[in-house]
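Here's the structure, in structure tokens; my notes come after.
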Amino acid sequence: MKNIIVRVWINHPYQSGKFNGTAFFVDKDTLLTAKHVISNGQGKIYDKIYLSDTPNGGIVPIDRVILCERDIAILKIKKRFEIPDIRFTNELSIGMDVEIWGFHNKDGDRNIKKHPISGYSNTMHTYELQNHLSSGFSGSPVFLDDKICGIAQAINSTKNITYIIPIEESCSEIVKAGLRDSKKLYNLTPNFSLVLENPVGIVPIGSPNYLEREEDRECYRDLNAQYTLIRIKAPIQYGKTSLLMRIKNSAREKEYHIVFLEFQKFDRLFFEDLKELLELIHEIIMDKLGIEIRLNSRLMNRLAPKDKSTRYMEKILSQIDRPLLLIIDEANKLFDYSEVSNNFFGLIRAWHENAKQEPLWEKLKIVLAHSIDPLLSVDDINQSPFHNVGLDIRLKSFSRDEIRNLSLRHGIDFEESELDKFMRFIGGHPFLSRKILYTIAKERQTLDEIIKNAHSYNTIFDDLKIFIRIDERLKETLKKILHGERCIDYLSCYKLESLGIIRYNLNRPEFSCELYREFFYQIL
């Protein structure tokens, strides 16, 4: 198996070429390596890339490079080599012993390093070894037993860590086919070592069962932007708060100050009075930062609440030496109080616009999370932070590929027909998907059994009964949708969409999954 790994050179090794890392065969003419091995710091692919230590000992030029989203690159060569059968696995968890096969430097034989997995970074779905290998190991295959489970990323010597990108993150169709063809990537036996978490509430930081999406990575990138305003919209139980916790964790790693406001915990009295709401927020921020602001009381008494609040925020920002991340979860709780809502969110937009004019305000980074579209409760969208400013993030149902990924993390390798059935039944609903997968893995129920008993007494879907108490206006709208009618009551449709019950297909509302359609057919 050792002859599947090769050295990667920038320029020909006999013409002052530079050894830059390791690559490995996944097919006769296809190899994988780390993206940074074959590109510079700006992401530009080097013009001349060569491989040495090939199965016949020769030197081969790279014909074509395909870049994946992660730090992974696919290398194509014109020459074809006979290589042993390569197998792949997703089965990775903290504590497992893995082997990294690669090269220390431009000289010497192939090396095998054996280390236990010591950590997991959920921010980028990456595992860690508590030991830094030389940069020559970047791009090396990581083996679990006789299967390739990841790609080494030897780039952080300051923290004495080597990273492992799971092989499932590769964009190689060869790898994807290999993972699908594996009989069982996880064996559902009483002793399997998967981490199974009851899907209640927030998915814990570091959980291997959290499925990171491109939207997550957009948020992480935007935290580094000069002007940060992130708007996250998603139905209930679609992962907003779990994402917020990861944004918060990313900001903590950057040593930002963080203030997390949970509007669902605020008393309605504060939503009825702008002055009271703003003063409460000032006090929470100052308490969290451990500072006290004193302003000219006579002037403050003459200023309107929004102007007064801006003065306070300017003083707060002037007293901190690091960015302040202000997160507001369930911002839609304020939407029902139109006058206060318009003024408050208008102020948030003004603060964001200030950052484009005054460097001091660049320290303020804002994240708003909401489940209901605000347009029906905003008088002037041009004065709202929900329109035409900042980063707009909309969390959607999991795709088919994401469900497959998540099921494998639960130790379940669905057949294609089972996956089709799963998608029809649950529609990729994030929370319900995790609930079903947990039940299959933990309780040994089959998908057919779960679907058959979905509306029986005392099932995993009993909490759907809370929808029986929705108001009559929403029920009338649902009846119309059951009969295939278009949505006329737009406010009701917005609310149903925010609950994750319906979605739009070519501007026509439909139930987001078969489970919901059957449930409401029975109760209505």
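Worth pointing out:
Yes/no per residue for (1) assigned by TED's automatic domain parsing to the domain that holds Ile236; (2) within 23 Å of Lys240 (Cβ to Cβ); (3) among the hydroxyl-bearing types (Ser, Thr, Tyr); (4) in a helix (DSSP H, G or I):
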position	(1), (2), (3), (4)
Leu406	no, yes, no, yes
Leu419	no, no, no, yes
Leu432	no, yes, no, yes
Asp448	no, no, no, yes
Lys475	no, no, no, yes
Leu478	no, no, no, yes
Cys487	no, no, no, no
Ser492	no, yes, yes, yes
Glu497	no, yes, no, yes
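- Filtering region 484-524 to residues that are touching a residue at least 60 places away in the same chain (Cβ under 8 Å) and of a type in the set (S, T, N, Q) leaves Ser498, Ser512, Gln522.
- Every residue from region 271-291 that is at negative phi, exposed (fewer than 14 other Cβ atoms within 10 Å of the Cβ) and not in a helix (DSSP H, G or I): Glu272, Ile291
- If you filter region 32-70 down to residues that are basic (Lys, Arg) and surrounded by 17 or more Cβ atoms within 10 Å (Cβ to Cβ), you find that the one that is nearest to Ile83 (Cα to Cα) is Lys35.
- Qualifying residue in region 516-523 (condition: touching a strand residue (DSSP E or B) at 6+ places or on another chain (Cβ under 8 Å), surrounded by 20 or more Cβ atoms within 10 Å (Cβ to Cβ) and part of a strand (DSSP E or B)): no
- Failed criterion for Pro323 (all others in (1) more than 23 Å from Ile247 (Cβ to Cβ); (2) crowded, with 19+ Cβ neighbours inside 10 Å; (3) of a type outside the set (A, V, I, L, M) hold): (1)
- Meets criteria (exposed (fewer than 14 other Cβ atoms within 10 Å of the Cβ), touching a residue at least 40 places away in the same chain (Cβ under 8 Å) and not charged (D, E, K, R)) for Ile468: yes
- Among the residues of region 238-269, just one is crowded, with 19+ Cβ neighbours inside 10 Å, part of a loop (DSSP other than H, G, I, E, B) and not hydroxyl-bearing (Ser, Thr, Tyr), namely Gly239.
- Val65, sole failed condition from (1) without any contact (Cβ under 8 Å) to a residue 40 or more places away in the chain; (2) part of a loop (DSSP other than H, G, I, E, B): (2)
- Considering residues of region 137-172 that are surrounded by fewer than 23 Cβ atoms within 10 Å (Cβ to Cβ) and of a type in the set (Gly, Ala, Ser) only, the residue farthest from the chain's Cα centre (by Cα): Ser157
- The number of residues in region 227-252 that are out of contact with any strand residue (DSSP E or B) (no Cβ under 8 Å at 6 or more places or on another chain), within 20 Å of Pro374 (Cα to Cα) and not β-branched (Val, Ile, Thr) comes to 4.
So that you can scan it fast, the table gives a plain yes or no per residue for (1) of a type in the set (Asp, Glu); (2) at pLDDT 90 or above; (3) in contact with a His (Cβ under 6 Å, 6 or more places away or on another chain):
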residue: Ile77; (1), (2), (3): no, yes, no
residue: Ile83; (1), (2), (3): no, yes, no
residue: Gly95; (1), (2), (3): no, no, no
residue: Glu99; (1), (2), (3): yes, yes, no
residue: Gly108; (1), (2), (3): no, no, no
residue: Thr126; (1), (2), (3): no, no, no
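- Boolean, Ala454 is in contact with a His (Cβ under 9 Å, 6 or more places away or on another chain) and either closer than 26 Å to Val200 by Cα or crowded, with 21+ Cβ neighbours inside 10 Å (or both): no
- Residue in region 434-446 that is nearest to Lys396 (Cα to Cα), counting only those that are in a helix (DSSP H, G or I) and not aliphatic (A, V, I, L, M): Arg434
- Failed condition for Lys78, given (1) loosely packed, with under 13 Cβ neighbours inside 10 Å; (2) within 27 Å of the chain's Cα centre (by Cα); (3) among the basic types (Lys, Arg): (2)
The values are calculated or read from the model by the stated rules, or taken from the named source; none is laboratory data. Values in this document were obtained by computation on a predicted structure and should not be read as measured data. Every residue, glycine as well, gets a Cβ built from its backbone with ideal geometry; the counts of neighbours run over all protein chains shown.
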